[in-house]
Amino acid sequence: MNAGAKEFNEAARRNTADLRQHDRIQKALAGYYLKREDYQNRFPDWAGARDLAAEIKREAINHLDRYLDEFASRLEARGTKVFWAPDGQAARDYIVGVARQHKVRSIIKSKSMTAEEIHLNDALEQAGFEVVESDLGEYIVQLRREPPYHIVFPAMHLTRQQISDLFHDRLGSEPTNNPEDLTMIARRIMRRKYCEADLGISGANFAIAETGMISITENEGNARLTTSLPKIHVALVGIEKVLPKLSDLALFLPMLATAGAGQPITCYNTLYGGPRQPGESDGPEEFHVVLLDNRRTELLADAEQRDALHCIRCGACLNVCPVFKNIGGHSYGTTYQGPIGSVITPHLRGLQDWKHLSQASSLCGACSQTCPVKIDLHHHLLHNRRNAVRLRPAPMEKCLQAGLAFVMCRPRLYALAARLARIAQPLSRLVEGTVLDPLRAWTKTRSIPPMAVKSFHQLWQERKKS
Ligand code: SF4
């Protein structure tokens, strides 16, 4: 077992036993389930909307080269600097370079999972820049020096009391359990940071090829301030964020809000198409768009799993995943948690080191059922399992499979083995989960299901006779 898998198992075991954390997650999600259901029902045809969204994303991803060129050339025509970053290092170097070139003193940043993916804050801080997260949840986890717990709700694992204690320790504020007061404490600090910052960094929810614009959807208004007050705006955009047409937003904005947060639409929806143009009164003087590949084109080349690039990062698959709800977001040790994280992380960071995530699933299929763009998540987890075995078969599994194949190809031997297994099973129950059990790694947390008293073959024979 590699070190990552070991860490994952230990964290998962620890967090599964933390019942208070379960309680907090359940409470945080209880309202979401009700609201999501309500707003899904207000769509004239939610199933049809999912079909259409999947179709639009399929069109965008299958012709990604064309749509990206269209997107970039329209942005450049309005004076935006577009940088194609093959990997995280190139993206970090470019953004640090922009900050250095402009002798930036302070940076404000709105929520971006793509920036988390490439550890952008660490790179900027190592280069000597102060970076402040402007999304409240992100700001809280930044103060705690920990990664987001969930791709949409980064601080969902914390109570008001914990946030109050954190603000008291780090910001010197008076303790309070009132959410509005807590928000105002962060707001007062943030307002000053917006005005001081020379550089604003954002992600993007969608990149519209037809108009050469990025779309950012948010609830706090922080992304608008982050992108419009500083002189320079850098948007870090994963190449899979492309949508062909502006009108596609009419479907994707309410869909993302409904699936992600149980809202009809998020409070602020903004399009950015370039730096401030002559005669315009606001907007940045300089606008950079960094288009990040970071192994996405490798996933694109995989026809079987390419649709994982359709993800709009709504987080709905995390919210319904029984594994996520038990082990929590930090156990994964990845930027993207839950089912989608378990599917794409092995592609983005290497199958051999991250194959254990494919096992973090009951394969119940709730994720695939809920995904608004119809990604077949649980089947992709199976694909990852298969690919990992093909890449480096585990000797024990290989022996077991060879043995099983040998027995199953010989009906008499199979019948004898099944009979012996029926006799042995009550005995094995006595040692199940103990140190005498050779399958202890598996049985100490679960029981082997009891074998049927009679095999299908026996039942069939009896039925024929009767
Ligand atoms: S895989 Fe689907 S449900 Fe999960 S985050 Fe992406 S779009 Fe949402």
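Highest first, please rank the peptides 163-174, 80-91 by the mean number of other Cβ atoms sitting within 10 Å of their residues.
Working: 163-174: 15.0, 80-91: 17.7.
Most protected by this proxy first, the peptides run 80-91, 163-174.
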query = Which of the lysines could a cross-linker bridge to LYS6, judged by Cα under 16 Å and excluding same-chain residues fewer than eight apart?
reply = LYS355
Degrees between helix 249-261 axis and first principal axis of the chain (Cα, 0 to 90, nearest 10) = 60
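Could you list the square roots of 5 times each eigenvalue of the Cα gyration tensor of the chain, that is, the equivalent ellipsoid semi-axes, sorted largest first and rounded to whole Å? Numbers along the way, then the final one.
Details: eigenvalues 423, 135, 92 Å².
In descending order, the three semi-axes are 46, 26, 21 Å.
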request  = Can you send over the solvent-accessible area of THR217, 1.4 Å probe, protein chains only, in Å² to the nearest 10?
outcome  = 20
ask   = Pairing the Cα long axis of helix 160-171 with the longest principal axis of the chain, what angle in degrees results, from 0 to 90 and rounded to the nearest 10?
value = 50
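Go through MET396, MET113, MET213 and list them by solvent-accessible area, largest first, probe radius 1.4 Å.
On the way: MET396 135, MET113 20, MET213 50 Å².
Heavy-atom accessible area, descending, gives MET396, MET213, MET113.
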remark   = Accessible-area order for TYR33, TYR67, TYR414, largest to smallest, probe 1.4 angstrom, reads TYR414, TYR33, TYR67
remark   = Computed ³J(HN,Hα) along segment 92-97: with the Karplus parameters 6.51/-1.76/1.60, θ = phi - 60°, integer Hz and x for glycine or proline, the list is 4, 4, 5, 5, 4, x
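Listed highest first by mean packing, meaning other Cβ atoms within 10 Å per residue, what order do 400-408, 223-231, 347-355 come in?
Values: 400-408: 11.6, 223-231: 21.8, 347-355: 17.6.
The densest-packed peptide leads the list: 223-231, 347-355, 400-408.
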query = Lys/Arg Cβ at +1, Asp/Glu Cβ at -1, dipole of segment 380-466 taken about the Cα centre: which of LEU436, HIS457, LEU420 is farthest positive-ward?
reply = HIS457
remark   = Within segment 103-209, DSSP-loop GluC sites (Glu not before Pro) with at most 10 other C-beta atoms within 10 Å are none
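Which values, in whole Å and largest first, are the semi-axes of the equivalent ellipsoid of segment 299-376 obtained as the square root of 5 times each eigenvalue of the Cα gyration tensor?
Working: eigenvalues 62, 51, 22 Å².
Rounded to whole Å, the semi-axes are 18, 16, 10.
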query = What Kirkwood hydrodynamic radius, in Å, does segment 261-306 give when the mean of 1/r is taken over all pairs of distinct Cα atoms and then inverted?
reply = 14.8
key: Under 20 Å from the Cα of LYS454 - lysines, other chains or at least 8 residues apart   = LYS464, LYS465
Length released on extending from ARG78 to ARG100, taking residue separation times 0.36 nm less the Cα-Cα span = 5.5 nm
query = Considering the Cα trace of segment 411-465, what is its radius of gyration and what is Dmax, both in angstroms?
reply = 14.2, 46
remark   = Sorted by chain and number, the residues with a modelled amide H under 5 Å from that of MET213, at a separation of 5 or more or across chains, are ILE208
ask   = Sequence-distant or interchain residues sharing an amide H contact under 5 Å with VAL82, placed H: which?
value = VAL289
Distance between segment 406-452 and segment 144-161 - C-alpha centres, whole angstrom = 43
request  = Could you work out the per residue convex hull volume over the alpha carbons of segment 191-264, in cubic angstrom?
outcome  = 93
task = Mind checking the per residue accessible area of segment 411-465 for me, 1.4 Å probe, whole number of Å²?
result = 89
ask   = How many lysine pairs are close in segment 43-294, with Cα atoms under 21 Å apart and the two 8 or more places apart or on different chains?
value = 15
key: Net dipole in debye of the chain [+1 Lys, Arg Cβ; -1 Asp, Glu Cβ; about Cα centre; nearest 20]   = 2300
message = If you average the C-alpha positions of segment 64-119 and of segment 301-372 separately, how far apart do those two centres end up, in angstrom?
response = 26
key: Vicinal HN-Hα couplings computed from phi for segment 16-23 (Karplus, 6.51 cos²θ - 1.76 cosθ + 1.60; Hz; Gly/Pro x)   = 5, 7, 8, 5, 5, 5, 4, 4
note = Cysteines of the chain without any disulfide-compatible partner (other Cys Cβ under 4.7 Å) are CYS195, CYS267, CYS311, CYS314, CYS321, CYS364, CYS371, CYS399, CYS409
ask   = Out of every Cα-Cα pair in segment 79-124, what percent are more than 14 Å apart?
value = 54
request  = Write down the radius of gyration of segment 43-294 and its Dmax, each obtained from C-alpha positions, in Å.
outcome  = 18.3, 54
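The values are calculated or read from the model by the stated rules, or taken from the named source; none is laboratory data. Because the structure is a prediction, the values reported are computed rather than measured. Positions of Cβ are backbone-derived with ideal geometry, glycine not excepted, and every protein chain shown enters the neighbour counts. For accessibility, only protein heavy atoms count, side chains too; no ligands or nucleic acids. Shrake-Rupley method; radii C 1.70, N 1.55, O 1.52, S 1.80 Å.
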